[in-house]
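**Student:** To start, I am sharing the structure in question, which I have written as structure tokens.
A short reminder: the numbers here are calculations on the coordinates, not readings from a lab. For clarity, every value in this text was computed on a predicted model and none was experimentally measured. Because the Cβ atoms are built from the backbone with ideal geometry, glycine has one as well, and the counts that use them run over all protein chains shown.
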Amino acid sequence: MGKILEIHDLKVCFHTEDGTVHALNNVDLTLEDGITLGLVGETGAGKTTLAKSIMRLIPSPPGKIENGEIIYDGKNILELSDTDIMSIRGQEISMIFQDPMSSLNPVITVGDQIAEVIQVHNKDLDKKEVFNRACEMLEMVGISADRAFDYPHQFSGGMKQRVVIAMALACNPRILIADEPTTALDVTIQAQVLEMMRELKQKFNTATLLITHDLGVVAQMCEKVAIMYAGEIVESGTVHDIFNNTLHPYTEGLLGAIPKIHLHEKRLQPIEGLMPDPMDMPKGCIFCDRCKYATERCKNEHPQITNVGGEHTVRCFLRQDEKGGEE
Amino acid sequence: MHKAKTQFDPAVKDKQEQRTLFQQAVRQFKHNKMAVAGLIIILILLAIIIATVVIDIVTDQSFYNEHVIKQDLSLRLAKPSAEHIFGCDEYGRDLFLRIIWGTRLSLTIGIAAIFLSVIIGAPFGIIAGYYGKTTDNIIMRFMDVLLSVPYILLAMAIVAALGKSTINLLIALSVSGIAKYARIARASVMVVKDNEYVEAARAMGANDFTIMFKYILPNALAPILVQLSLGIGDSILAVAGLSFLGLGVQYPQAEWGAILTAARTYMLQAWHVSIFPGIALIISVIAFNLFGDGLRDALDPKLKR
Amino acid sequence: MARYIIKRILLAIPVLIGATFLVFTILFFTPSDPARMILGSSATEEAIEAMNEELGINDPFFVRYFNYMKGLVQGDMGRSYRNNSSVSETIAGRLGNTLILASAGMLFAIIIGIPVGILSAVKQYSKIDNATMFITLFLTAVPTFWYALILVIIFALKLHWLPASGMGVGLVPLLKSLILPTITLGSGYAAMIARTTRSSVLEVIRQDYIDTARAKGVSEKTVIWKHMLKNALIPIVTVVGLNFGSLLGGSVLTETIFSWPGVGRYVVDSISYRDTNAVLGSVVTLTILFTIVNLAVDIIYALIDPRIKSQYAVKRRKKHAQSENAV
């Protein structure tokens with residue numbers, strides 16, 4: 001399968017008055033055609049920053065991409081001109097934001113908002129055609145076309161997210177970045193939206209970067225997974241690798257925090273402690289303060305991400321040694 | 001019974017939390033250089049006011065009468081010099097001293113008027129916001145009426161009815177401001193009143209009065225304080241404006257607006273009489289506005305970044 | 001829409017009646033002796049008594065209020081105590097002048113304030129932004145009358161470009177005489193609008209839907225003028241409307257300084273003559289004007305905020321839609 005998006009050694013910082021926040025450090029990530037990659041991590045791990053870097057939507061200042069490259073279609077997105085990136089946004093790579101309540105403009109009708117993305121990328125189409133296509137998109141996500149004239153506040157949360165998805169898919173993009181598309185929704189609505197996304201993905205064969213903190217969603221939707229912690233990818237691989245052959249202690253902790261229906265557990269196992277202060281990252285392994293296996297080496301030396309067989313990679317001295325992976 | 005109550009009283013915990021919130025606000029405020037500059041100017045103005053009061057008391061107003069009120073026509077409209085650094089006014093009085101003494105009236109009337117507006121207006125707003133329904137409707141419709149007459153015009157009408165004097169100016173400005181602060185207090189009470197600690201207090205048998213003034217008011221105070229401090233600048237300008245129209249502070253008392261009225265006649269011969277009191281006014285108003293902006297940024301977590 | 005407008009008008013009527021009652025009550029206590037003012041100091045006691053009877057001075061409060069309101073509805077505001085002229089006619093002759101000045105001031109403020117505020121927000125922390133913040137800080141703190149004096153000294157007395165006072169006759173003299181009063185009246189207002197625009201644009205800039213728009217590939221210009229401004233406009237309109245009252249207050253000072261023959265100057269003159277009827281008439285007139293502007297603001301709201309528009313446009317909404325009374 002062809003690689004459609006490759007991220008190499010990406011480093012993003014936010015320079016604020018209180019100090020420099022290291023939001024992303026040495027991130028490598030590959031997205032393949034037609035594949036759904038789940039990006040998992042807790043709040044503040046840098047998932048959204050990564051997504052916005054791909055769209056080149058990091059607000060600058062205070063944000064700055066210090067290092068690395070994002071290769072899409074043979075071009076480095078970070079070096080494109082403003083006009084070029086504008087023609088990629090929405091047409092080739094689109095993004096769904098976390099909160100459907102606030103990601104639609106409250107003073108523009110939903111039909112016009114969908115039509116806008118179509119019009120921007122199809123300047124030769126006349127207004128009527130554009131609007132008809134917007135209505136088709138609405139129908140496709142299960143909203144009747146006569147609601148195109150309604151404003152966002154007249155829709156429920158789940159419906160708004162459908163509108164956002166319709167907008168993101170309107171130009172049939174090659175990559176869809178979905179930033180926690182269902183977190184803000186009720187559980188039943190979540191299932192509906194996810195189901196719809198899966199159907200649409202199959203229909204359009206869109207490569208998807210699905211950002212979530214819910215491993216259940218990953219198991220349901222993804223082929224590949226990358227686990228992110230404090231701005232670094234700590235483990236990545238196929239769904240099978242991650243769930244059945246867990247290597248990184250953090251991933252282990254994440255899986256331990258999920259209730260298992262077939263076991264009568266008295267308590268779930270939370271991961272003790274907090275993520276390190278992004279303004280003051282530890283010198284050694286970023287997870288060592290919370291890791292029950294941490295050794296002296298972990299405190300002093302920073303582990304590199306290492307392939308341990310197949311597509312499975314991990315950033316941990318302990319597991320690399322066990323698996324005999326080479327640095 | 002009493003002891004047990006204080007132990008579980010959420011207000012005790014509230015207080016601790018408030019202190020940390022307060023400390024946070026102080027830290028935020030200190031961060032804002034402009035706001036600190038505003039505060040420093042305000043403190044200097046305050047010191048000037050206190051100094052003039054002390055001098056008046058100690059000298060039994062003889063210094064005031066000798067230098068601020070007494071006329072010396074030989075120095076009429078004298079230009080600034082080493083002896084009179086701001087020059088003299090149309091009656092040969094030292095302009096610098098008149099401005100220094102004018103600080104008292106110019107600022108205190110404006111500040112006092114705002115405080116009176118808040119003290120009278122806020123309880124109405126709190127009651128309206130707390131009880132809602134008919135009470136709210138009656139109070140707020142009355143406030144709508146007060147608010148429908150432009151501020152300065154209402155104040156002018158009141159001064160016209162009561163007569164021109166410093167006290168009447170204060171009354172006029174206070175009354176004109178009531179509705180604004182009632183509205184602000186109401187809005188912020190509406191935000192706070194559905195919080196669970198209010199429910200908890202009610203469940204513990206606190207009466208309406210206690211709930212309103214002990215539980216709701218401290219939590220609804222921030223927006224009221226912010227608007228109060230932001231209103232002071234306008235209030236000072238209103239005092240000066242009405243004095244300029246001859247509806248405020250009366251001759252021969254020293255007040256910046258009143259000095260400017262007189263200065264208008266001589267603005268070509270003696271620019272200094274217009275310039276200095278105007279600058280004094282601008283600096284004071286800017287100081288209060290900066291302070292108010294800083295306070296808003298410090299107390300409004302929404303704007304914290 | 002029509003229903004909304006009618007409802008607003010109906011709501012404004014009791015407020016106006018209340019306002020006239022308030023002002024009438026306040027001025028009822030004005031110590032004045034109109035009969036003597038009209039008849040002169042040589043008049044006999046009988047003549048004065050007869051005049052008082054004719055003016056209705058001896059009637060009880062409510063009778064006088066009722067009579068006043070009866071006259072007001074028919075456009076009769078009584079007679080001036082100073083020169084026995086009709087207050088309504090005097091005001092009618094002056095109201096146009098006040099309207100010219102007030103609208104010029106408002107227009108000046110909006111035309112300057114909104115673009116400056118947007119520029120300042122979009123280029124936050126730049127030199128332009130800092131300069132704007134400094135100048136607006138200064139302008140909101142400058143006393144109207146002092147500012148006017150400085151302008152007159154420079155442009156009228158020193159440079160002789162513009163007249164120092166009065167209202168010119170004929171288009172060009174009128175416009176020339178309008179410039180200084182307009183700047184005097186509009187500068188503080190413009191500064192306030194600029195600051196509000198800046199802060200509300202800054203608020204909107206952070207919203208998710210702005211990133212959504214950018215992610216669609218829309219140009220930055222469209223993002224600002226279409227997506228931001230329409231949302232930022234709602235608080236701006238509020239400030240423009242609420243501060244129209246202080247603009248009218250400012251016009252009293254401005255008219256006095258520039259000897260502009262408007263209603264504001266009439267109030268000031270009438271107060272010094274204890275001409276209660278004239279004061280009452282002018283304050284009531286300016287209050288009505290203020291109320292009309294607020295009404296216009298409410299209607300503009302409905303035009304730009306779909307949340308209000310749809311409340312009234314869509315039949316399936318509840319009949320008694322909550323009116324938005326919160327500040």
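**Student:** How charged is the neighbourhood of C:Val15? Take every other residue with its Cβ under 15 Å from the Cβ of C:Val15, and add Lys/Arg as +1 and Asp/Glu as -1.
**Tutor:** Values: positive: B:Arg141, B:Arg183, C:Lys7, C:Arg8; negative: B:Asp144, C:Asp298.
Net charge in that neighbourhood comes out at +2.
**Student:** Something else now. Relative to 2.2 N^0.38 Å, what does the C-alpha radius of gyration of the range C:33-76 come to as a ratio? Two decimals please.
**Tutor:** 1.32
**Student:** If you don't mind, another one. Taking just the alpha carbons, could you work out the radius of gyration and Dmax for chain A, both in angstroms?
**Tutor:** Radius of gyration, then largest Cα-Cα span, for chain A: 20.6, 67 Å.
**Student:** Which residues in the range B:245-271 have a backbone N closer than 16 Å to a point placed 7 Å from the Cα of B:Gln61 along the Cα-to-Cβ line?
**Tutor:** B:250-255
**Student:** Under the rule a/c < 1.5 gives rounded, and otherwise a/b versus b/c splits prolate from oblate, where does the range A:1-139 land using the Cα gyration tensor?
**Tutor:** Prolate, since a/c reaches 1.5 and a/b exceeds b/c.
**Student:** Modelling each spin label as a point 7 Å along the Cα-to-Cβ direction, I'd like the B:Tyr251/C:Gln124 distance in nm, to one decimal.
**Tutor:** 5.3
**Student:** Right, here's the next one. Rounded to the nearest 500 deg cm²/dmol, what is the calculated helix-only ellipticity per residue at 222 nm for chain A, with -39500 (n - 2.57) per DSSP H run of length n ≥ 4?
**Tutor:** Theoretical 222 nm ellipticity from helices: -9500 deg cm²/dmol.
**Student:** Moving on. Of the cross-linked pairs A:Lys47/A:Lys224; B:Lys133/B:Lys193; A:Lys160/C:Lys221; A:Lys160/C:Lys216, which ones have a Cα-Cα span greater than 18 Å in the structure shown?
**Tutor:** A:Lys160/C:Lys221
**Student:** Magnitude of the Cβ-charge dipole of the protein assembly as shown, K/R +1 and D/E -1, about the Cα centre, nearest 20 debye?
**Tutor:** Values: 89 positive and 90 negative charges, 338 e Å.
Rounded to the nearest 20 debye, it is 1620 debye.
**Student:** Further, regarding this structure: Rank C:Leu174, C:Phe29, C:Leu229 by how far each Cα sits towards the positive end of the charge dipole of the protein assembly as shown (+1 on Lys, Arg Cβ; -1 on Asp, Glu Cβ) and give me just the farthest.
**Tutor:** C:Phe29
**Student:** Does anyone have the angle between helix A:187-204 and the longest principal axis of chain A? Alpha-carbon axes, 0 to 90°, nearest 10?
**Tutor:** 80
**Student:** Still on this structure: If you average the C-alpha positions of the range A:1-75 and of the range C:143-174 separately, how far apart do those two centres end up, in angstrom?
**Tutor:** 60
**Student:** I'd like the FRET efficiency for B:Ala262 and B:Ile50, computed as 1/(1 + (r/R0)^6) with the beta carbon distance as r and R0 of 41 Å, rounded to 0.05.
**Tutor:** Details: r = 27 Å, r/R0 = 0.66.
After rounding to 0.05, the efficiency reads 0.95.
**Student:** Using a Förster distance of 22 Å, how high is the FRET efficiency between B:Val36 and B:Ile283, based on the Cβ-Cβ distance and rounded to 0.05?
**Tutor:** E(calc), rounded to 0.05, equals 0.90.
**Student:** Suppose only helical runs count, i.e. DSSP H with n ≥ 4. What mean residue ellipticity at 222 nm does that imply for chain C under -39500 (n - 2.57) per run, divided by all residues and rounded to the nearest 500 deg cm²/dmol?
**Tutor:** -24000 deg cm²/dmol
**Student:** Under unit Cβ charges (Lys, Arg +1; Asp, Glu -1), what dipole magnitude, rounded to 20 debye, does chain A have relative to its Cα centre?
**Tutor:** With Lys and Arg at +1 and Asp and Glu at -1, about 500 debye.
**Student:** Please rank C:Ser246, A:Ser236, fewest neighbouring Cβ atoms within 10 Å first, as an exposure proxy. Could the numbers behind the result be given before it?
**Tutor:** Working: C:Ser246 19, A:Ser236 28.
Starting with the residue having the fewest Cβ neighbours, the order is C:Ser246, A:Ser236.
**Student:** Restricting to bridges with both residues inside chain A, how much of the DSSP beta-bridge set is antiparallel, in percent to the nearest 5?
**Tutor:** Counting DSSP beta bridges with both partners in chain A, the antiparallel share is about 60 percent.
**Student:** Quick one: which of B:291-297, C:212-218, B:239-245 comes out on top by average Cβ neighbours within 10 Å, and what's the full order, highest first?
**Tutor:** B:239-245, C:212-218, B:291-297
**Student:** Let me ask something else. Just checking the output field for B:240-246: average partner chain Cβ neighbours within 10 Å of each residue's Cβ?
**Tutor:** Numbers: counts 5, 9, 3, 1, 8, 10, 4.
Average neighbour count from other chains, rounded to a whole number: 6.
**Student:** Under the Kirkwood approximation applied to all pairs of distinct alpha-carbon atoms, what is the hydrodynamic radius of the range B:202-296 in Å?
**Tutor:** 16.0
**Student:** Got a sec? Charge dipole of the range C:51-99, +1 on Cβ for Lys and Arg, -1 for Asp and Glu; which of C:Asn52, C:Gly96, C:Ser80 is way out at the positive end?
**Tutor:** The residue sitting most towards the positive pole is C:Gly96.
**Student:** Placing +1 at every Lys and Arg Cβ and -1 at every Asp and Glu Cβ, with all other atoms neutral, what dipole size does the range A:1-58 have around its Cα centre, in debye to the nearest 20?
**Tutor:** 140
**Student:** Angle check, please: helix C:229-242 long axis (alpha carbons) against the longest principal axis of chain C (alpha carbons), in degrees 0 to 90, nearest 10.
**Tutor:** The two axes meet at around 20 degrees.
**Student:** Now, a different point. Just to verify a number: FRET efficiency for B:Val191 and C:Trp161, C-beta to C-beta distance, R0 = 51 Å, to 0.05? Intermediate results must be reported in sequence, preceding the final value.
**Tutor:** Values: r = 52 Å, r/R0 = 1.02.
For B:Val191 and C:Trp161, the calculated efficiency is 0.45.
**Student:** Under 4.7 Å Cβ to Cβ, no partner at all: give me those cysteines from chain A, in residue order.
**Tutor:** Lone cysteines by the Cβ rule: A:Cys13, A:Cys135, A:Cys171, A:Cys222, A:Cys291, A:Cys316.
**Student:** At a 10 Å Cβ-Cβ cut-off, how would you order C:Asp305, C:Asp76, fewest neighbours first?
**Tutor:** Ascending number of Cβ neighbours within 10 Å: C:Asp76, C:Asp305.
**Student:** Taking beta carbons within 10 Å but only from partner chains, what does the mean come to for residues C:214-227?
**Tutor:** Across C:214-227, the average partner-chain Cβ count within 10 Å equals 6.
**Student:** Would you please report the Å³ per residue occupied by the convex hull of the alpha carbon atoms in the range C:5-126? Walk me through the numbers before you get to the answer.
**Tutor:** Numbers: hull volume 23.7 nm³, N = 122.
Per residue, the Cα convex hull of the range C:5-126 comes to 194 Å³.
**Student:** Taking each residue of B:277-287 in turn, how many C-beta atoms of other protein chains fall within 10 Å of its C-beta, and what is the average?
**Tutor:** Partner Cβ neighbours, averaged per residue: 3.
**Student:** With angles folded into 0 to 90 degrees, how steeply does helix A:110-121 sit against the dominant principal axis of chain A? Use alpha carbons for both and round to 10.
**Tutor:** Compared with the principal axis, the helix lies near 80 degrees.
**Student:** Just tell me, in residue order, which DSSP H segments of chain B are both 24 angstrom or longer along the helix axis (alpha-carbon based) and at least -1.0 in mean Kyte-Doolittle hydropathy.
**Tutor:** Those that clear 24 Å and a mean of -1.0 are B:33-58, B:95-131, B:166-192, B:217-244, B:271-299.
**Student:** Of the residues A:His312, A:His248, A:His302, which exhibits the maximal mean-square fluctuation in a Gaussian network model of chain A defined by a 10 Å Cα contact cut-off?
**Tutor:** Of A:His312, A:His248, A:His302, the most mobile in the Gaussian network model is A:His302.
**Student:** For every other residue with a beta carbon closer than 14 angstrom to the beta carbon of A:His213, add +1 if it is Lys or Arg and -1 if Asp or Glu, then tell me the sum.
**Tutor:** Result for the local shell: -3.
**Student:** In Å, what is the Rg of the alpha-carbon atoms in the range C:94-326, and how long is Dmax?
**Tutor:** In Å, with Rg to one decimal and Dmax whole: 20.7, 67.
**Student:** Related question: Just add up the charged neighbours of A:Ile143: K/R +1, D/E -1, any other residue whose Cβ is under 14 Å from the Cβ of A:Ile143.
**Tutor:** Around A:Ile143, the surrounding residues sum to -1.
**Student:** Okay, moving on. In whole Å, largest first, what are the principal axis extents of the Cα atoms in the protein assembly as shown?
**Tutor:** Reported extents, whole Å, longest axis first: 117, 74, 65.
**Student:** Gaussian network model of chain C, Cα springs within a sub-10 Å range: biggest mean-square fluctuation belongs to which of C:Val263, C:Val279, C:Val204?
**Tutor:** C:Val204
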